[in-house]
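Worksheet: the structure to be examined is printed underneath.
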Amino acid sequence: MFEVYIHVPFCLRRCGYCDFNTYTATDLGAGASRGNYANMVIREMKLTKQWQLDHGIAEPPVSTVFFGGGTPTILAARDLVAMLDAVRKIWSIAPDAEITTEANPDTVNEYYINELAAGGFTRVSFGMQSAVPHVLKTLDRTHTPANVAAGVNAANKAGLRSSVDLIYGAPGESLDDWRTSVTTAIDLGVNHISAYALTVEPTTKMGRQIAAGTLPKPNDDDEAAKYEIADDLFAAAGLEWYEVSNWARPGYESQHNLGYWRNVDWAGLGPGAHSHYNAVTEADHPQSASLTAPAGGGCPADAGLGVVSVSHGLRSWDIAHPRLWGTAINENRVPWADSETITPEENLEELIMLGLRLHEGLDLDRINRAINDAGMSSTPQTLRNVSLDQLAPMVSEGLITVSDNHRVVPTRRGRLLNDSVIEQFFDFVGV
């Protein structure tokens, strides 16, 4: 599989809890403005495609495209469609591809959503966050529950799938507040809901307020209780968890997000976006041996960043500031800030971390193969051959279940203690 992620770094305002790479200015220089942004991303697509060709990467047609932010819908709908058309022209798109944009309910209406549908989008993910006014105010969100409902109704009329995102654990949010948000989201009739625990970064407005004592700090026990409330209510409504923070009716899972958790290839476009390739061949090119971007960021499109071995994957990330990102594109350079190889040991760690977040579970046979590929001679026994006994205490503690086909699935308790479960697996395999 091959996926494309397009980051749109613009927002109407910056929410107090947000530490994403976003900006409220309309023009950030070097062509990175709201009005010209689609053109810049399309230019990056062409540079990225040339880099792939230089490194022997032949990806299949794109299976998912996801526009995230920031606020993608701050741009004109025709700009999102233009970028999607460019993906179709440069890489081709599979006939059954999932095409999603995130949307701020304040920035879309029926006409906007109809234009997306006509342009090939299949799905909209609305940033609902809460249905309670005082919680929305704490989160610096300006939309109302009515805006969300109007957006979902417009998407339904246009034949698009809808999802809503919720955040739990905001300062001052009671358990009843959270129940209200969850039931309101369910009553919208959407087939997919994401629910994320609030993470407070010290550099954000909310982080400074909490440090100053003007807002209470989120509480782990409170967040765990809210997770259980959501899981119960979603299950009762027919929404099944398929990833720790995501629930859907069968067949409505986010294919783009599943691709991330299954460790497929993807190209990330836009300031700060990350890309991932499972195997990159070294190009037959005199300048293709360097693993690191040139000083100042960016990489010539005709040289690219090479890796030493086809058995190693590659992770790269774009320059974060839009002006410097745009400067690299204007100089015909892939706008990467840097890149790194993914060693077999790191790949094993990622397989464990990602697999233990999914309802489909961690495939022990695949882990066994990854251990062999890593050549970990210091590991005396494989998970497949020995770990079933090692896993028994975790089963007894109610953290995981193990199926007959050797898939390890976290229980609800295991989801709440996911970091601990992952750490124990790392100990088992010696990473």
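The values are calculated or read from the model by the stated rules, or taken from the named source; none is laboratory data. These numbers come from a predicted model, not from an experiment. When we count neighbours, we look across all protein chains shown, and the Cβ atoms used for this are built from the backbone with ideal geometry, even at glycine. Surface areas here come from the heavy atoms of the whole protein model, side chains and all, with no ligands, DNA or RNA. Shrake-Rupley method; radii C 1.70, N 1.55, O 1.52, S 1.80 Å.
Okay, here's what the table says:
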item: Rounded FRET efficiency, nearest 0.05, which uses the C-beta distance separating residue 395 from residue 330 and R0 of 56 Å; result: 0.50
item: Relative frequency of Cα-Cα separations exceeding 18 Å in the range 64-119, percent; result: 28
item: Residue-normalised accessible area of the chain, expressed per residue, 1.4 Å probe, Å²; result: 42
item: Using a Förster distance of 35 Å, the FRET efficiency for residue 224-residue 320 (Cβ separation, nearest 0.05); result: 0.60
item: For the chain, calculated [θ]222 nm from helices alone, where every DSSP H run of n ≥ 4 adds -39500 (n - 2.57); result: -12000 deg cm²/dmol
item: Residue 339 long-range amide H proximity, modeled H, under 5 Å; result: 293
item: Centre separation in Å (Cα based) which lies between the range 88-134 and the range 1-16; result: 12
item: Under 5 Å, built H, 5+ apart or other chain: amide partners of residue 243; result: 359
item: Rounded to whole Hz, the Karplus (6.51, -1.76, 1.60) HN-Hα couplings of the range 138-150, x for glycine and proline; result: 4, 7, 6, 8, 9, 6, 10, x, 5, 4, 5, 4, 5
item: Percent of beta bridges antiparallel (DSSP, the range 1-87, rounded to nearest 5); result: 10
item: 20 Å cut-off, amide nitrogen to a point 7 angstrom out along residue 199 Cα→Cβ, residues in the range 209-225; result: 209-211, 217-225
item: Normalised contact order of the range 164-213, rounded percent, pairs of Cα under 8 Å and 6 or more residues apart; result: 46
item: Estimated FRET transfer efficiency when R0 is 35 angstrom, pair residue 118-residue 12 (beta carbons, to 0.05); result: 0.90
item: Length-normalised contact order for the chain - Cα pairs under 8 Å, 6+ apart - percent; result: 15
item: Under the Debye formula (equal points on every Cα, no solvent term), log10 I(q)/I(0) of the chain at q = 0.09, 0.11, 0.12 Å⁻¹; result: -0.62, -0.94, -1.12
item: Whole-angstrom Cα spans of the range 1-57 along principal axes, big to small; result: 43, 25, 13
item: Around residue 89: net Lys/Arg minus Asp/Glu count, Cβ-Cβ under 15 Å; result: +1
item: Under 5 Å, built H, 5+ apart or other chain: amide partners of residue 8; result: 68, 69
item: Environment charge of residue 227, counting only residues whose C-beta is closer than 12 Å and scoring Lys/Arg +1, Asp/Glu -1; result: -3
item: Selection from 95, 66, 147, by position along the positive dipole direction of the range 57-150 (Cβ); result: 147
item: Long-range Cα-Cα pairs in the range 184-245 (distance over 17 Å), rounded percent; result: 52
item: When the range 63-177 is reduced to its Cα atoms, the Kirkwood hydrodynamic radius in Å; result: 14.8
item: For the chain, share of DSSP beta bridges that run antiparallel, in % to the nearest 5; result: 45
item: Stokes-Einstein D for the range 3-104, Kirkwood Rh over Cα pairs, 10 °C, 1.306 mPa s (µm²/s); result: 110
item: ³J(HN,Hα) computed for each position of the range 30-43 - Karplus, 6.51 cos²θ - 1.76 cosθ + 1.60, integer Hz, glycine/proline x; result: 6, x, 8, 10, 4, x, 10, 4, 4, 4, 5, 5, 4, 5
item: Estimated vicinal HN-Hα couplings, Hz - the range 112-120 in sequence order (Karplus 6.51, -1.76, 1.60; Gly, Pro = x); result: 4, 5, 4, 5, 4, 4, 5, x, x
